[in-house]
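The values are calculated or read from the model by the stated rules, or taken from the named source; none is laboratory data. Note that this is a predicted model, so its numbers are computed, not measured. Note that we place each Cβ from the backbone using ideal geometry, even for glycine, and neighbour counts take in every protein chain shown.
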Amino acid sequence: MLDVKNKIIPLLQNIEKITPDDFTFMEVCGTHTMSIARYGLRSLLPKRMRIISGPGCPVCVSSSKDIRTAIQIAKLPNTIVATFGDMLRVPCEGESLQEHKNVKVIYSPMESLVMAEKNRDKEVVLLGVGFETTSPLTAVVIKEAEKRGLNNFFVLCMHKLIPQAMELIMQSKNINLNGFLLPGHVSAITGSRYFDFISKFDFCGVVTGFEPVNIVSSISMLVTNHVNSKYGVFNNYEPVVNDAGNLTAQGLVKDVYEPCDSDWRGIGKIKASGLKIKRAYSRFDATNKFNIKMEKVDDPKGCRCGDILKGNALPTECMHYGRSCTPSNPIGPCMVSTEGTCAAFYKYVED
Amino acid sequence: MCLAIPLKVLNVLNDNILLVESGGININVSCALISDVKKGDYVLVHAGFAIQKMTESEAKETLSVISGE
C-alpha cells in the first residue's frame, strides 16, 4: 500500500499543477468505469478535471431490440441460451433473461460449445456480447463448432466496435472533450495503432491498464500531452499492449465477421460499428435460424442510460437513479451491469 | 466481465488447452489466440481464453494490486 502511495502522490501533484480549467476526458471501457470508481480516483483528482464515462460497457449499449430477441429465443421450448452473467438482469419491457429457465450463465464462451455437445436435442444459442476483446473468443468458438460439425449451436452476434462510437462523440459538439483513456485489453487484441484515428480530431489518448497507479499515471500523461498539444495515441500499458496487437485474434475476426451497422442503446444506429457473422458461417448465425419478427422496443420512460452512455449526463441527473432504479431493482442496463456507470456510482461514489 | 487477469501456466495439455493456476485453483484455459506457451509462462486470461503473454514481474505487479497488498 505504501508503495502505491509513493508512486501515486507525485503523479497527483503533477496533475494538480498542470491541469487547465475545465479539462475533460472520457473513458470508454466498463472496467475503467469500475476501477476509477472503486479506487475513489475522482476524489483524488482536481475538481476542475471532469471524467466522463462513455459507452464502454457492452451490456449497457446492447439495444433493447437485441435483448428482446434473446428473450424470445429463451422462450422457445428447445433452446438453451448461454450468456455472460451481466446480461441476465437487463430489463426489457418488464422482463429479463433471468426469469427463463432455458438461460444458463457461462464464464467462457467455450462452455456453450460443451453444452451443445452434451445436449444434442437442444438448440444452444450463445449471446455474443462484448467489444474487440471478446469478439475473437466468439470467433474461436464458431470455428470450433464448424470443426466439430455441430448443427445445434448458434450465436446471436451483438458484438460492437468502439472506434465508431468514439468518432461520433468526438464529432459531437455537446461535450467539450480533451482526450480519452483508451481500453487496455481491447488494445491488447487490436494493437494501440487501432486508435490512431483520434489524432485527426486533435485528441490525445492513453492506452491504460486497470490498476490505480497506472490509471493515474495515464491521466498525468493525458494532461501533459494535451497541454503541450501532442495529439494521438500513447501507450501506457506496455507489458500487455503493443502497436500491432494479437494478429491471431485479428485474423480470426476477419475470417468470421464483417462490419455492419449496429444499434447502440440510447445512441441509435451507428454505421459500421458492429460485427455480423459472414455468409460462410451463416449456419451458426442465430438470426438465420430463428426468424423472430422485431418491432422497435421503447426504452423505459425517464431512463437516461442513453445520455449517460454518451457522457451527456451523470447518473445523479437521472430521475430514477437511487430512487426507483437501484442495483436490486434496476430500470436500465447502466445499473444492471457490474461495469455500468450507474452501478459504479451507486456502489462507490458518495452523494 | 471484461477484467482479464494474469495467471501462471502449470502445464500445456494439448494444442489448445493450458492449465493455469488461479489462487490455488487449477483451471483450463484455451490458448487458441496465443502461441509458443510453455509451463511457467504467465498469460493474461479473459473469459477462459489466454489473450497475451506476460513476464512474471509484470504479472506479479498486477496481481499484488488485485489482492490489495
Practice prompt. Would you mind listing the strands (runs of 3 or more DSSP E) fully within region B:9-69 where at least 1 residues are over 22 Å from A:Ser135 (Cβ atoms) and among the polar types (S, T, N, Q)?
Written response: B:17-22, B:25-30
Fill in: Out of A:Lys278, A:Lys254, sole residue that is touching an Asp or Glu at 6+ places or on another chain (Cβ under 9 Å) and modelled with pLDDT of 95 or more
A:Lys278
Item to complete: Kindly list, by first and then second residue, each pair from a residue in region A:11-22 that is at positive phi and in contact (Cβ under 8 Å) with a residue 24 or more places away in the chain to a residue that is among the charged types (D, E, K, R) and not in a helix (DSSP H, G or I), limited to pairs with Cβ atoms under 9 Å and residues at least 6 apart or on different chains.
Response: A:Asp22/A:Arg48; A:Asp22/A:Arg50
Worksheet item: Any idea how many residues of region B:16-69 are at pLDDT below 85 and among the β-branched types (Val, Ile, Thr)?
Response: 6
Discussion item. Any residue in region B:33-49 that is away from every other protein chain (no Cβ under 11 Å) and farther than 14 Å from A:Ala188 by Cα sitting within a Cβ distance under 9 Å of a residue that is of a type in the set (Asp, Glu) and surrounded by fewer than 23 Cβ atoms within 10 Å (Cβ to Cβ)? List the pairs, counting only those 6 or more apart or interchain.
Written reply: B:Gly40/B:Glu56; B:Asp41/B:Glu56
Worksheet item: How many residues does region B:11-27 contain that are more than 21 Å from A:Ala188 (Cα to Cα) and more than 9 Å from the chain's Cα centre (by Cα)?
Response: 10
Item to complete: Of the numbered conditions (1) at the interface with chain A (Cβ under 9 Å from one of its Cβ atoms); (2) under 26 Å from A:Pro212 (Cα atoms), B:Glu56 fails exactly one; give the number of that condition.
Response: (1)
Worksheet item: Is it the case that some residue within region A:255-267 is surrounded by 21 or more Cβ atoms within 10 Å (Cβ to Cβ), closer than 30 Å to A:Lys143 by Cα, of a type in the set (A, V, I, L, M) and within 14 Å of chain B (Cβ to nearest Cβ)?
Response: yes
Discussion item. Under 12 Å from A:Val28 (Cβ atoms) and either surrounded by 24 or more Cβ atoms within 10 Å (Cβ to Cβ) or within 14 Å of chain B (Cβ to nearest Cβ) (or both): is that true of A:Thr208 in this structure?
Written reply: yes
Item to complete: Starting from region A:147-159, take each residue that is closer than 24 Å to A:Asp263 by Cα and list its partners that are among the β-branched types (Val, Ile, Thr) and assigned to a loop (DSSP other than H, G, I, E, B), counting only C-beta distances under 7 angstrom and pairs at least six apart or across chains.
Response: A:Met158/A:Val129; A:His159/A:Thr134
Worksheet item: Yes or no: A:Met34 surrounded by 14 or more Cβ atoms within 10 Å (Cβ to Cβ), away from chain B (no Cβ under 13 Å) and of a type in the set (A, V, I, L, M)?
Response: no
Discussion item. Report every pair of residues separated by at least 6 positions or lying on different chains whose Cβ atoms are under 7 Å apart, first residue within region A:228-243 and at pLDDT 95 or above, second in a loop (DSSP other than H, G, I, E, B) and of a type in the set (Val, Ile, Thr).
Written reply: A:Asn235/A:Val241
